[in-house]
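Written below as structure tokens is the structure these notes are about.
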Amino acid sequence: MFDSLSSKLQKVFRHLKGYGKLTEQNIQDALREVRLALLEADVHYKVAKDFVQTVAQRAVGQEVMRSLTPGQQVIKIVNESLTELMGGTAVPLDLSGKPPQVLVLVGLQGSGKTTTAAKLANHLAKNGRKPCLIPADVYRPAAIDQLMTLGRHLNVPVYPASSRDKPEEIAAAALPFAKEHQCDVILVDTAGRLHIDTELMDELKRLKGILNPKEILLVADAMTGQDAVHVASSFHEALQLTGVILTKLDGDARGGAALSIKAVTGCPIKFVGVGEKLDALEVFHPDRMSSRILGMGDVLTIIEKAQEAFDEEEALDLARKFREDAFTLEDFRRQLRQMKKLGSLESILKMLPGMGALKELKKMHIDEKALVRTEAIINSMTKEERRDASIINASRKRRIAMGSGTSVQEVNQLLRSYQDARRMMRQMMGGGGAKPGKKAKKKKVKAFFPF
């Protein structure tokens, strides 16, 4: 995410921090590089120009020039300005008033409206709402079937529309359907087009008149850069958008759309899609995104994801097992499953402060399938073997390897890693280690993880 822009900006600021004292020329040279980096990232030219001017006005002042850490002061100003450029603070969905509230998703074909509708339903359900899905796209083949399948997967009611129905008829039936199923949020998936035309806008205006939506959200593909900004401007002019959902942000190395949309259209980005799974939708926090771009990490998002993935009682139980040296392979499998909910290991590492800029991290290949193989090995064990790894002899190892589709060497590696981890935990908890008067021998511990 934004790797190209992030690395260029960090290079500029590393050079700037090398100066003990900054001159006005130093700052102007650095900001010229920043402007070029923004333009190469497909940021709107006017947005890039205004951004650099704003930073220059604040940076070329007595406060920065006389500071003991002028380089850090400039980075602080750029961070604050980037945050402001993307909207300042997160803008939540407006679900106030008498339920059910209607949210209409609009956008071009291929932007990911149908999947985003399901992701948004999942997000709302997790936050105590009861959403229902209304498929109003009668033109794209299997669009209705896709939403029905996603709805069944999420256990969310979906209106049984047909491709023979008119979108206006489906919209009129949405409110009674929601009331019948006691839903408090209606999510309407509308039809897209290959390009913006009068026919599309007229249909959306008619749907807006029937539904009287609380929110009209544009679903835009982040990887289209400036095109996403132009699309947002056109839709906003015709429908008065209340927000934008940027999809495929995890594959966007430049970030032009995310940095330009709010400044050009005035519409806040409310959510971003960061993966294909139905839980891969994040609330857009401008301050956290700015920190990620500048290589400062995003610890708050990691904490929020961990709170969702990890159960507090289980965590306390695990801590007790570590203290009592009772940590089993069954416990490890449980932790592995919870960790997978956080997302890919690579994305988690990049959220840690300073990790995104490490050259070693960029070169490092993290084999996500290794975790799947590890879980398969543990699944192939019996309950007794998972609870007491010491009983696993050579014949059992062969059976486990055959059952998991792995090799005996991989089974051995997992068991060695497990024993090393237990030994390390004993030392950390003060339950083991060297004999009194003897220095503990340092041993390199190979982790469970594939890096």
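We did not get these values from a lab; they are worked out from the coordinates using the rules stated. From a predicted model like this one, the values you see are computed outputs, not experimental measurements. Note that we place each Cβ from the backbone using ideal geometry, even for glycine, and neighbour counts take in every protein chain shown.
Let me know the volume per residue of the alpha-carbon convex hull for segment 101-296, in Å³.
111
Taking the beta-carbon count within 10 Å as an exposure proxy, list 108, 336 from fewest neighbours to most.
With the fewest neighbours first, 108, 336 line up as 336, 108.
Show me, for segment 258-263, the HN-Hα J-couplings you get by feeding each phi into the Karplus relation (A = 6.51, B = -1.76, C = 1.60, θ = phi - 60°), rounded to Hz, glycine and proline as x.
With the stated coefficients, segment 258-263 comes to 4, 7, 9, 4, 5, 5 Hz.
Provide the per-residue ³J(HN,Hα) series for segment 90-99, in order, calculated from phi with Karplus coefficients 6.51, -1.76, 1.60 and θ = phi - 60°, each as a whole number of Hz, with x at glycine and proline positions.
3J(HN,Hα) across segment 90-99, in whole Hz: 5, 10, x, 5, 8, 10, 6, x, 6, x.
Take the Cβ-Cβ distance between residue 193 and residue 169 as r, set R0 to 22 Å, and report the resulting FRET efficiency rounded to the nearest 0.05.
After rounding, the FRET efficiency stands at 0.65.
Can you compute the FRET efficiency between residue 402 and residue 321 using 1/(1 + (r/R0)^6), with r the Cβ-Cβ distance and R0 = 41 Å? Round to the nearest 0.05.
Between residue 402 and residue 321 the formula returns 0.85.
Would you grab the residues whose amide H sits under 5 Å from the one on residue 247? Only those 5+ places off in sequence or on another chain, please, with H modelled 1.01 Å from N.
220, 221, 222, 273
Report the calculated FRET efficiency for residue 29 and residue 226 (r = Cβ-Cβ distance, R0 = 22 Å), to the nearest 0.05.
So, using R0 = 22 Å, E works out to roughly 0.25.
Neighbour counts of other C-beta atoms within 10 Å: give me 116, 83 arranged from fewest to most.
With the fewest neighbours first, 116, 83 line up as 83, 116.
With a point put 7 Å past each Cα toward its Cβ, work out how far residue 72 is from residue 416 in nm, to one decimal.
4.4
By how many nm would the segment from residue 50 to residue 94 grow when fully extended, if each residue of separation counts as 0.36 nm and the alpha-carbon distance is taken off?
Gain in length upon complete extension: 12.8 nm.
With the cut-off at 22 Å, tell me which of the pairs 166/205; 166/270; 119/248; 179/214 have Cα atoms farther apart than that.
Table pairs above 22 Å Cα-Cα are 166/270.
I need the phi-derived Karplus couplings for segment 221-235: 6.51 cos²θ - 1.76 cosθ + 1.60, θ = phi - 60°, integer Hz, Gly and Pro marked x.
Once rounded to whole Hz, the list reads 7, 4, 6, 7, x, 4, 4, 4, 5, 5, 4, 4, 4, 5, 5.
If amide hydrogens are placed 1.01 Å from N in the peptide plane, which non-local residues have theirs closer than 5 Å to the one on residue 184?
130
On a full-extension model of 0.36 nm per residue, what is the gain between residue 109 and residue 4, subtracting their alpha-carbon distance, rounded to one decimal in nm?
That pair, residue 109 and residue 4, stretches by 35.1 nm at full extension.
For the pair residue 127/residue 383, report the inter-label distance in nm, with labels modelled 7 Å from Cα in the Cβ direction.
For residue 127 paired with residue 383, the spin-label model returns 4.1 nm.
Which shape class, rounded, prolate or oblate, goes with segment 134-229 when its Cα gyration tensor gives a ≥ b ≥ c as root eigenvalues, a/c under 1.5 marks rounded, and past that a/b bigger than b/c marks prolate?
Prolate, since a/c reaches 1.5 and a/b exceeds b/c.
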